[in-house]
Amino acid sequence: MGDRALSRRGFLAASAAAGLGMTALSGCGGDSNGSSADGTTTIEWWNISTTEPTKTVWAGLAKKFEAQNPKVKLKIVQLENDAYKSKMTALTASGKLPDIFHTWGGGVLRQQIDAGLVEDLTDRTKPWADGLLSVAKQPYIFDKKVYGIPFDIGMIGFWYNKALFRQAGISTPPTTWSGFLDAVKKLKAKNITPIALAGKEKWPEMYYWAYLAMRTAGIAALQKASDDKDFSDPGLVQAGQHLQDLVKLQPFQKGFLGASYSTPTGQAATMGNGKAAMELMGQWAPVVEADSGKGLGSNLGFFPFPAVEGGKGAITEVFGGGGGHALRKGAPQAAVDFLKFFASEATDLELVRKTNTLPIVPGAEKGLSDPNTEAVQAQLKGATGFQLYLDQAYAPAVGQEVNDSVSALIAGSKSPEQVTQSITKAAKEA
């Protein structure tokens, strides 16, 4: 999980590095209960749901909650993934988090907890939180205490264009890394771009190294590397070598190093407009592909990240995580009430049906109808191991170095050995 005691000074340094002044920090919950003279409580809700239909669905849920709670007003702040992470780094440094904020759990939430900024929800969410899907809750539990409530769970895998696979003569998705590389070669031979990638944002690139590390060194090696602050395991170096083999095939779209994820010319749009055969992305991919591009409809398929021959990992071990909400320390009861509302079966059913979210309330499974969402859920249910996103599982500085170093490897400026050396250095200094 990384170093659990990043100092406040460390957060301030990270904030400065992100170029964020303290003017960006005003307006958050702090110590105020948000109550006005007429007894209305205003709570700030920060999330990353910036694409449709999720953005509109969540806004509708906010209005529904307000209608059920006339003395409560929700102030929604929605930010794109990377902008959100930068803002939250600065807010953490200021000691004033929003009343309700998106979290992936893991090392980042752990450090916010250690800084005394996050509400312990263990008692305040019983008994309704006990019925939520167990695996979905794990990233938010520390020392047997609950600090976040999930609203989804999922995994990273390959989304592919069935029509482009057929054009390239690929009858079934590959199950091994060598088979995957062969598929890339077949696609290129037909002048089809094999993979869409958002190189500008780095975190989509990290997925490749993370999965290859899981497949070659195994999940236990990733945890041991974090605990020992030493990423020199030969299997982790080999992961970078496998990734180099892929990069040498030049599988990505033209200009991928400058491409964002959800912009009109980014990774999701390239995939959604049929200009690439695959993207490695989470369960939200179909929604973003359709929002950023046209979407592939029945031509969209899903398959798990392939096994690496001779590796210690298995194809049934998955990489991913979910989204959750945490509360600032001292958040008003209205914020807890909103978490209960958002984790209700009625809300979860709406999320499942309208946004392809995977259910975290068992009763909401009846809302599943999309075959690709069902395919992801089947993979999760059959998983024999689970690894949280590395840039969330590890301390922030370490997670950022993973992203930066893997991006440098893909760009050709770092070797596999240098990747592990840089991550080790960051872990020892964190």
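The values are calculated or read from the model by the stated rules, or taken from the named source; none is laboratory data. Note that the structure is a prediction, hence the values are computed from the model and not measured. Virtual Cβ from ideal backbone geometry, glycine too; neighbours counted across all protein chains shown. When the accessible area is computed, the model is the full protein with side chains, heavy atoms only, and any ligands, DNA or RNA have been set aside. Shrake-Rupley method; radii C 1.70, N 1.55, O 1.52, S 1.80 Å.
Here are a few things to note about the model shown:
- For the range 256-344: rounded, prolate or oblate by the Cα gyration tensor [a/c cutoff 1.5]: oblate
- When the chain is treated as a GNM with alpha-carbon contacts under 10 Å, the residue of Glu205, Glu66, Glu317 showing the greatest mean-square fluctuation is Glu66.
- Relative to the globular-protein estimate of 2.2 N^0.38 Å, the Cα radius of gyration of the range 101-217 stands at 1.51.
- Rounded, prolate or oblate (a/c below 1.5 giving rounded, otherwise prolate when a/b exceeds b/c) for the range 309-430 by Cα gyration tensor: oblate
- Taking only protein heavy atoms and a 1.4 Å probe, the accessible area of the chain is 52% carbon and sulfur.
- Given R0 = 56 Å, the distance between the Cβ atoms of Gln68 and Lys224 translates into a calculated FRET efficiency of 0.75.
- Of the whole protein surface, Ser178 contributes about 50 Å² of accessible area at a 1.4 Å probe radius.
- Contour excess over end-to-end distance, with Cα ends at Ser415 and Gln241 and 0.36 nm allotted per residue: 61.8 nm
- Approximate spin-label separation Asp123-Glu309, in nm, with each point projected 7 Å along Cα-to-Cβ: 5.9 nm
- Mean sequence separation of contacting Cα pairs (under 8 Å, at least six apart), scaled by the length of the range 153-306, corresponds to a relative contact order of 40 percent.
- Radius of gyration and maximum dimension Dmax of the range 149-288, Cα, Å: 15.7, 47
- Taking the charge dipole of the chain about its Cα centre, with +1 at Lys and Arg Cβ atoms and -1 at Asp and Glu Cβ atoms, the residue from Met271, Trp104, Ala213 reaching farthest to the positive side is Met271.
- Accessible area of Phe303 in the full protein assembly, 1.4 Å probe (Å², nearest 10): 10 Å²
- Surface analysis of the range 296-419 yields an accessible area of 34 Å² per residue, using protein heavy atoms and a 1.4 Å probe.
- Ordered by solvent-accessible area of protein heavy atoms (1.4 Å probe), largest first, the residues Ile141, Ile153 come out as Ile141, Ile153.
- Between the helical axis of 54-68 and the longest alpha-carbon principal axis of the chain there is an angle of about 20 degrees.
- Under 22 Å of direct C-alpha separation, and excluding same-chain neighbours fewer than eight residues apart, Lys312 reaches these lysines: Lys224, Lys229, Lys381.
- Between the helical axis of 333-342 and the longest alpha-carbon principal axis of the chain there is an angle of about 40 degrees.
- Rolling a 1.4 Å probe over the protein heavy atoms gives the range 114-233 an accessible area of 39 Å² per residue.
- Cβ charges +1 (Lys, Arg) and -1 (Asp, Glu), total dipole of the chain, debye: 580 debye
- For the range 143-222 and the range 312-389, distance of Cα centres in Å: 20 Å
- Of Asp245, Asp114, Asp38, the one that fluctuates the most in a GNM where the chain has Cα springs shorter than 10 Å: Asp38
- Across the chain, the mean sequence separation of Cα contacts (distance under 8 Å, 6 or more residues apart), normalised by length, yields a relative contact order of 24 percent.
- Of all lysines in the structure, those lying under 20 Å Cα to Cα from Lys96, and not within fewer than 8 positions of it along the same chain, are Lys73, Lys75, Lys85, Lys87, Lys329.
- Cβ crowding within 10 Å averaged over residues, with 351-357, 308-314 ranked highest first: 351-357, 308-314
- Against the chain, whose longest principal axis comes from its Cα atoms, helix 396-411 is set at around 30 degrees.
- P(r) of the range 213-260 over all Cα-Cα pairs, binned every 10 Å from zero, in whole percent: 24, 37, 27, 12
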